[in-house]
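A.B. asks: Would you mind keeping the following structure in view while I ask a few things?
Rule-based calculations on the coordinates, nothing more; no lab input. Worth saying up front: this structure is predicted, and the values here are computed from it rather than measured. Here Cβ is always computed from backbone atoms with ideal geometry, including for glycine, and neighbour counts include all displayed protein chains.
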Amino acid sequence: MRIAIQDVTPETDYAEIIGWVHEIRDLGGLAFFIVRDRTGLIQVTIPKKKAPEAVVEAAKEVSRESVVRVAGTVKAIEKAPGGRELVPEELEIVSLAASPLPLDVAEKVSAEMDTRIDSRFLDVRKPRVGAIFFIRSVAVRAINEFLFSRGFINITTPKVVAAATEGGTELFPIAYFEKEAFLNQSPQLYKQMMMAAGCEKVFEIGPIFRAEEHNTVRHLNEATSLDVEVSFADHNDVMQLLEDLIIAVYRRVTEDCADQLATLGVDLTVPATPFPRISYAEAIEIANRTVPEKISFGDDLGTAAEKAIGEYIGQHYFIVDWPTAIKPYYAMPYPENPELSKAFDMMHPRMELSSGAQRIHQHDLLVEQIRAKGLSPESFEFYLKTFEYGMPPHAGWGLGVERLIMTMLNLPNIREAVLFPRDRHRLTP
Ligand code: ATP
Ligand code: MG
């Protein structure tokens, strides 16, 4: 019976494993393979004179990254990975790999991101890369468990839509029979409509599509968004929820992914709480102390500003009280000062992770704000209708899953945090 490589210990007598040939070393009388499965590595040692003939024959033929089945006795040996080696009685080539490999899985030769993505299936075989996606899976599971424990229900909303969420040009048009349609840039309108449907607390983890022209290390054209919406809550309530969620995810990853973090060389610490909250006005003041191009009230915070503020604060933080003019039409203005809105961004020192707000739940105010942005209420009819028949007050946010993973693991490029990135120049694999 086949067992996982990590379950073969120096005390094991006999083991059968299946894995990929990570390395091959032939020292004449002795051949060494390192075999890898998703749980670890093991040395397979073949003394050519003593080994069964079939084993020696298979060993001659096998190439790196072939799938092999190995069965034999286990010996404790200090120098080998995991303190043990496997001496095969049987060695079967299950699936022979062609040579040369398009990518070196053993990472003796490092490769550019593009080459790696071209052969992503091989890239993910690298323990370091595999660790990222194991951690991502644990993080997504932690998000689900956290939100279910808080009484949320999971929803799925359409990705093919007729209208833009926020207008603008960041949309991919698609052909939908005889109509024009778009890939959705955000589930915003739909999660709000679920508030009108009486669901109270909803979340979705799904793709968002942004036709952003620029190629950066923190933008994808198809990203994964965790979207949350809560009824009878304001911006402060959902900021607290977001902070609690980040802590829950970091805790779970530190607890359940010790091996993967070690493989990545990441020393993960749970962020300190509470996350500092600074106003947009304070944020531009901090940025203006160091950035060369001064920011005026009402400007967006660019990359340089985000970096300057992040360096100054040095941990996760919120930027609150944004000018209404630069936040989406659905953000709730402060009644006593409608120039500012109950909108926030949650930041990692390196970049924005999330944007959220208390939403406008009053139909007429919403129509007014849509018009103020130069958009036409007619194209939002299906959405606006839900505000006329008992829309509760509500608030929510959207968090980029890839950015969460990227910042948590200190990855240099967002493409490291997604299996098959979609960017300005890439549609395959
Ligand atoms: P940025 O200003 O950094 O481009 P944004 O403000 O346009 O982001 P939002 O519309 O606020 O993004 O989306 C909410 C969250 O979704 C962002 O904070 C980010 O984590 C994630 N996100 C948005 N667009 C992208 C993208 N193109 N690639 C990866 N993640 C994204
Ligand atoms: Mg944003």
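A.B. asks: Can you tell me what share of the DSSP beta bridges in the chain is antiparallel? A percent to the nearest 5 is fine.
C.D. replies: 90
A.B. asks: Something else about it: How much length is gained if the chain between GLU178 and LYS50 is pulled fully straight, taking 0.36 nm per residue apart and subtracting their Cα-Cα distance, in nm to one decimal?
C.D. replies: 38.8 nm
A.B. asks: What value does the stretch 272-416 have for Rg/Rh, both radii from Cα atoms and Rh as Kirkwood defines it?
C.D. replies: Expressed as Rg/Rh, it is 1.02.
A.B. asks: Residues with amide H under 5 Å of PHE275's amide H, sequence separation 5 or more or different chain, H placed in the peptide plane at 1.01 Å from N; which?
C.D. replies: Residues meeting the amide H criterion: none.
A.B. asks: Next question. Could you tell me which of rounded, prolate or oblate describes the stretch 202-281, using a ≥ b ≥ c as the square roots of the eigenvalues of the alpha-carbon gyration tensor, with rounded for a/c under 1.5 and, failing that, prolate when a/b is larger than b/c and oblate otherwise?
C.D. replies: Since a/c reaches 1.5 but b/c is at least a/b, the shape of the stretch 202-281 is classed as oblate.
A.B. asks: Roughly how many whole Å is it from the C-alpha centroid of the stretch 26-54 to that of the stretch 336-411?
C.D. replies: 58
A.B. asks: In addition: Between LEU27 and ALA76, what is the label-point separation in nm under the 7 Å Cα-to-beta-carbon projection?
C.D. replies: Taking the simple label geometry, ALA76 and LEU27 are separated by 2.1 nm.
A.B. asks: Cα-based Rg (one decimal) and Dmax (whole number) for the stretch 56-154, in Å?
C.D. replies: Gyration radius and largest Cα-Cα distance of the stretch 56-154: 19.3, 60 Å.
A.B. asks: How large is ³J(HN,Hα), in whole Hz, for each residue of the stretch 65-71 in order, when computed from phi with the Karplus curve 6.51 cos²θ - 1.76 cosθ + 1.60 and θ = phi - 60°, using x for Gly and Pro?
C.D. replies: Rounded to whole hertz, the list is 6, 5, 8, 10, 10, 10, 10.
A.B. asks: While we're looking at this one, here's another question. Would you compute, for the Cα atoms of the stretch 268-309, the largest minus smallest coordinate along each principal axis and list the three values in descending order, in whole Å?
C.D. replies: Rounded to whole Å, the extents work out to 34, 19, 16 Å.
A.B. asks: A further question on this structure: What residues have an amide H closer than 5 Å to that of ALA233, excluding those fewer than 5 places away on the same chain, when H is modeled at 1.01 Å from N in the peptide plane?
C.D. replies: HN-HN under 5 Å from ALA233: HIS394, ALA395.
A.B. asks: Using only the C-alpha atoms of the stretch 5-95, find the volume of their convex hull and express it per residue in Å³.
C.D. replies: 80
A.B. asks: On to the next question. Which value at 222 nm does the chain reach when only helices count, each DSSP H run of 4 or more adding -39,500 (n - 2.57), with the total divided by all residues and rounded to the nearest 500 deg cm²/dmol?
C.D. replies: Value at 222 nm, helices only, nearest 500: -8500 deg cm²/dmol.
A.B. asks: Please sort through the DSSP H helices of the chain and keep those with an alpha-carbon extent of at least 30 Å along the long axis and a Kyte-Doolittle average not below 0.5.
C.D. replies: The qualifying helices are 127-149.
A.B. asks: Now for a separate question. Each label point is 7 Å from the Cα along the Cα-to-Cβ direction; what then is the distance between the points at ARG289 and ARG426, in nm?
C.D. replies: Here the modelled spin labels are 3.8 nm apart.
A.B. asks: Residue farthest toward the positive end of the dipole of the chain, with Cβ of Lys/Arg at +1 and Asp/Glu at -1: which of ALA258, ALA304, VAL105?
C.D. replies: The residue sitting most towards the positive pole is VAL105.
A.B. asks: Return the percentage of antiparallel bridges among DSSP beta bridges fully within the stretch 5-95, rounded to the nearest 5 %.
C.D. replies: 95
A.B. asks: Taking amide hydrogens as modeled 1.01 Å from N in the peptide plane, which residues meet the under 5 Å criterion relative to LEU41, leaving out close sequence neighbours?
C.D. replies: Counting only residues 5 or more places away or on other chains, the set is empty.
A.B. asks: For the chain, what does the convex hull of the Cα positions come to per residue, in cubic angstrom?
C.D. replies: Spelled out: Cα convex hull of the chain, divided by residues, is 182 Å³.
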